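Accompanying notes for the structure given below.
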Amino acid sequence: MKKFVSMLLFMSVFFTMFAAVGQAAAVVPKLFLNGNLIKSDVSPQLVNNYTLVPLAVLSDGLGYTYEWEHEAKRVTVMSGGNSIVLSINDNTATVNGEPVTMETKAQLISNRTMVPLSFIGTQFGLDFEWKHQEKEVHMFEKPEEPAMPTEPTEPVVPTEPTGWIKQVSFDGMRTLTISYEGILKADKPLYLDDPKRIVLDFPNTVYSDEITAQLNGEIKSLTPDNPLLTSYRYSLFEPAKSRLVLDVIDGIGFVMTVNVGEIRLELMPASEIPVDPNAPVNPPVTEEPPVTEPNPPAGDNVYDIVIDAGHGGKDPGAYSVLKKYEKEFNLSVSLKIKALLDKEKQLKGHLTRTDDTFIELIDRVKFAEALKADLFVSIHANAIDKPSVSGTETYYSRASSKPFADIVHKHLLTGAGLKDRGVKQANFKVIKETTMPAILLESGYLTNTGDSNSLFSDAVQNRIAAEVVAGIKEYLKIK
Ligand SMILES: [Zn+2]
């Protein structure tokens, strides 16, 4: 179990703001790890906009071990096989044997060794949240991940911000847009593993007042069904450095387009990213010609249809404005479809899950392949950070699945009764890696109140199930 801190620089933001408005400068924010208050006999200190804490916070609060060498005035902090060596008044640290320049340094203050938590956080990155109202710093452990030595950075002098981010939004497909005023320039992105994510820092940049009012730490937006991006979050990382973290699928990169007042990040598989960032992006290659005729059923003259209820168990999928989870909708509709399929002489339904169980995507693929299923239908509902977005989408990945997608989409529109957002191509794993015609239904948006009310209504679910079966029969030309 690794316990590292990030972020006490947030306290510097806090202190700076306090100093600016001339309120009590002695207020010390509280520190929490995974919701538990970290106690310290010596208060954290703010030195030149960086937060220093006594060694005891590292051991008692965060569970690291450390060795203090009195003669050398040197401390070695260890956790999970990683080490950081800091010497008093020296701004070069040694991280796993490599020298790294720090923007601040360990110091002796009133005979106590005080170390820069922001630096340690940069190396090992806990998730964090600064609660402005409560003056609390909340740190959260992430799953195990290897130590990430950062590149040496130039020591920076805290400066006034020159850029203000006004909005961060995702179009639900592949484009993230950062709207800003002033000057905005990103540092080189960091690509991190476990979980896969891309970190983009914007120095000398803060969030505009409109966002700061809601920010209260970080903002996280979930996009659980997007084939490129599972979520993104943004927060102020240092007094004048904004951070954007994209939780991406393995192998995803982006192309950045900078316009006046707007930066666009277009996500795409790294293999599709043009070498020359100004070159046009090649459209996805159609790897096989569309097949319009379904294959006849093998052997017993019964078509095996896999109905895949998306998510389940620890993976709830999207969160509805009705405070229900997508996984519940997916399962409920899937069970209804299965019941209707089994009433048909020529159809047999097979469910990837029949209850609230977590199943890996690859196991859903293997299930369909082992069955030699004739058709694959994955049931989902969508989410996006704009509550006004509404409607039904049907996805296919391989071109041979498009005719099936077109037919079922027409029926799904009737069943759901929501706005038509079209048939789209995207490489969701379950419809890409299966080999039979395979589609993924995004029946509506659970982040939209109207869609959510419809999709959680039993009558609408019955209608969706009946229409999906009607679509399957139409595609298979079964009367
Ligand atoms: Zn989903």
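Okay, here's what the table says:
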| quantity | calculated |
| --- | --- |
| Out of GLY471, GLY444, sole residue that is surrounded by 16 or more Cβ atoms within 10 Å (Cβ to Cβ), more than 16 Å from the ligand (Cβ to nearest atom) and touching a residue at least 24 places away in the same chain (Cβ under 8 Å) | GLY471 |
| Qualifying residue in the stretch 404-412 (condition: surrounded by 20 or more Cβ atoms within 10 Å (Cβ to Cβ) and acidic (Asp, Glu)) | no |
| Answer from VAL377, VAL365 - the residue that is farther than 30 Å from GLN167 by Cβ and within 15 Å of the ligand (Cβ to nearest atom) | VAL377 |
| THR394 vs. criteria assigned by TED's automatic domain parsing to the domain that holds GLY444, polar (S, T, N, Q), within 16 Å of the ligand (Cβ to nearest atom) and part of a strand (DSSP E or B) | yes |
| Residue match in the stretch 238-245 (condition: at pLDDT 75 or above and open to solvent by 20 Å² or more (accessible area, probe 1.4 Å)) | yes |
| Output for the stretch 19-41, where each listed residue is at pLDDT 80 or above and not charged (D, E, K, R) | LEU31, PHE32, LEU33, ASN34, GLY35, ASN36, LEU37, ILE38, SER40 |
| Subset of the stretch 222-258 (residues that are away from the ligand (no atom under 16 Å from the Cβ), of a type in the set (S, T, N, Q) and touching a residue at least 24 places away in the same chain (Cβ under 8 Å)) | SER235, SER242 |
| In the stretch 247-300, the residues that are modelled with pLDDT under 55 and farther than 30 Å from LEU476 by Cβ | ASP276, PRO277, ASN278, ALA279, PRO280, VAL281, ASN282, PRO283 |
| Unmet criterion (only one of (1) at pLDDT 95 or above; (2) assigned to a helix (DSSP H, G or I); (3) not hydroxyl-bearing (Ser, Thr, Tyr)) for HIS350 | (2) |
| Condition broken by PRO44, with the remaining ones in (1) crowded, with 16+ Cβ neighbours inside 10 Å; (2) closer than 15 Å to GLU134 by Cβ; (3) at pLDDT 75 or above satisfied | (2) |
| Residues that are open to solvent by 10 Å² or more (accessible area, probe 1.4 Å) and part of a helix (DSSP H, G or I), drawn from the stretch 447-460 | THR449, GLY450, ASN453, SER454, ASP458, ALA459, VAL460 |
| Search result, residues across the stretch 306-344 that are in contact (Cβ under 8 Å) with a residue 12 or more places away in the chain, more than 12 Å from the ligand (Cβ to nearest atom) and either among the charged types (D, E, K, R) or in a loop (DSSP other than H, G, I, E, B) (or both) | GLY313, LYS314, VAL321, LEU322, LYS324, LYS336, LYS338, GLU344 |
| In the stretch 60-118, residue surrounded by the most Cβ atoms within 10 Å (Cβ to Cβ) [restricted to those that are under 16 Å from PRO44 (Cβ atoms) and charged (D, E, K, R)] | LYS105 |
| Condition met for GLY349 (buried (at least 20 other Cβ atoms within 10 Å of the Cβ) and touching a Leu at 6+ places or on another chain (Cβ under 6 Å)) | yes |
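So that you can scan it fast, the table gives a plain yes or no per residue for (1) farther than 30 Å from SER221 by Cβ; (2) surrounded by 22 or more Cβ atoms within 10 Å (Cβ to Cβ):
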site: LYS366; (1), (2): yes, no
site: SER401; (1), (2): no, yes
site: LYS424; (1), (2): no, no
site: ILE439; (1), (2): no, yes
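The values are calculated or read from the model by the stated rules, or taken from the named source; none is laboratory data. This one's a predicted model, so the numbers in the text were calculated from it and none came from an experiment. Neighbour counts are summed over all protein chains in view; Cβ atoms, including those assigned to glycine, are modelled from backbone coordinates with ideal geometry. The protein model used for the area step is the full one, side chains on, heavy atoms only, and it has no ligands, DNA or RNA in it. Shrake-Rupley method; radii C 1.70, N 1.55, O 1.52, S 1.80 Å.
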